[in-house]
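Trainee: After the structure tokens below, expect a handful of questions from me.
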Amino acid sequence: MSEQTTLLDVDGLSVSIEDHSIVNDVDIQVNEGESVGLIGRNGAGKTTTFRGIMGHSEVTVDSGVISYKGTNLLELSPEEIPKLGVGYQPEQKALFTGMTVDENFRLPLWVSGDGRGIDDEDGRVEELFELFPDMKRFEQHNVENLSGGQRKMTAIGRSLALRPDLVILDEPLEGLAPTIIEDIKEIVSEISDQGVAVLLAEANLAHAQELVDRVYIMERGEIFDYGPAEELIEREDIQNLLQG
């Protein structure tokens, strides 16, 4: 068996917000084509970890190393990171308001499509609508007028616009109706089947088990344990931790 290639390597990451320590000494690794879950209750530090990885200004990386394909992400701006092949769907379905679904899909292509070697903008947008067929009839709708599930799908689609090798999904299932959750699960599974590595945050280990190969359990800003999802889901201490 050939050795897996590491895409994202997070080593000793500590992150604070306004001088308050939130994430402490976190190690996370995602290999090429792998699906990994960062699992923890609300407030465990998952979103702060992702914002630290993506270089967001509202957080401060106090220590640690974040590398993607050997490139130090701490030396890059948030605008430069997607050009390397890292897609990101933020928490709360953050979208470009005042724009349509189609325009939200196109904006990353307008900004960085050339840098990712994507010269057929229309063709790439059609590929995204093939992944999200239910959104095709809403393509010219303003995103403010969409349902929560539709906004989530638009946010995930936008994160995939530049054909990333790794997509980071922050709570893609949060706050959705059960039928929409199943739709999103199918989409995430299809993303994985296309060879895109996935790092997703989730509070429910049972949901994550259907989507990822390995999980890191986070509690109070630290990694409590890690390993195959099917093994950790059986452990009583993990169940108690996630249930509070």
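Trainee: Within segment 1-67, considering only strands (runs of 3 or more DSSP E) that don't extend past its boundaries, which have at least 2 residues that are surrounded by fewer than 23 Cβ atoms within 10 Å (Cβ to Cβ)? Please lay out each step first, then the result.
Mentor: On the way: elements: 6-17, 20-31, 35-39.
Here the list reads 6-17, 20-31.
Trainee: What number of residues within segment 81-92 satisfy the criterion of being assigned to a loop (DSSP other than H, G, I, E, B) and modelled with pLDDT of 95 or more? Step through it out loud before you land on a result.
Mentor: Applying the first criterion (assigned to a loop (DSSP other than H, G, I, E, B)) to segment 81-92 yields 85, 90.
Among the residues that remain, those that are also modelled with pLDDT of 95 or more are: 85.
Result for segment 81-92: 1.
Trainee: Output the number of the condition that R106 fails; it satisfies all remaining conditions of (1) under 27 Å from D120 (Cβ atoms); (2) of a type outside the set (A, V, I, L, M); (3) under 13 Å from the mean Cα position of the chain (by Cα).
Mentor: It is condition (3) that R106 fails.
Trainee: In segment 73-102, which residue that is touching an Asp or Glu at 6+ places or on another chain (Cβ under 9 Å) and among the acidic types (D, E) is surrounded by the most Cβ atoms within 10 Å (Cβ to Cβ)?
Mentor: Filtering first and then ranking leaves D102.
Trainee: Can I ask one more? Please state which one of L95, L128 is of a type in the set (A, V, I, L, M), part of a helix (DSSP H, G or I), in contact (Cβ under 8 Å) with a residue 24 or more places away in the chain and under 24 Å from L176 (Cβ atoms).
Mentor: Values: L95 fails: part of a helix (DSSP H, G or I).
The match here is L128.
Trainee: Something else about it: Which condition does E186 not pass, out of (1) surrounded by fewer than 21 Cβ atoms within 10 Å (Cβ to Cβ); (2) closer than 27 Å to T49 by Cα; (3) touching a helix residue (DSSP H, G or I) at 6+ places or on another chain (Cβ under 7 Å), if it passes all the others?
Mentor: (3)
Trainee: Looking for something in a helix (DSSP H, G or I) and surrounded by 21 or more Cβ atoms within 10 Å (Cβ to Cβ) - is there at least one such residue anywhere in segment 160-183?
Mentor: no
The values are calculated or read from the model by the stated rules, or taken from the named source; none is laboratory data. Remember, predicted model here, so these are calculated numbers, not experimental data. Using ideal geometry, Cβ is built from the backbone for each residue, glycine included, and neighbour counts are taken over all protein chains shown.
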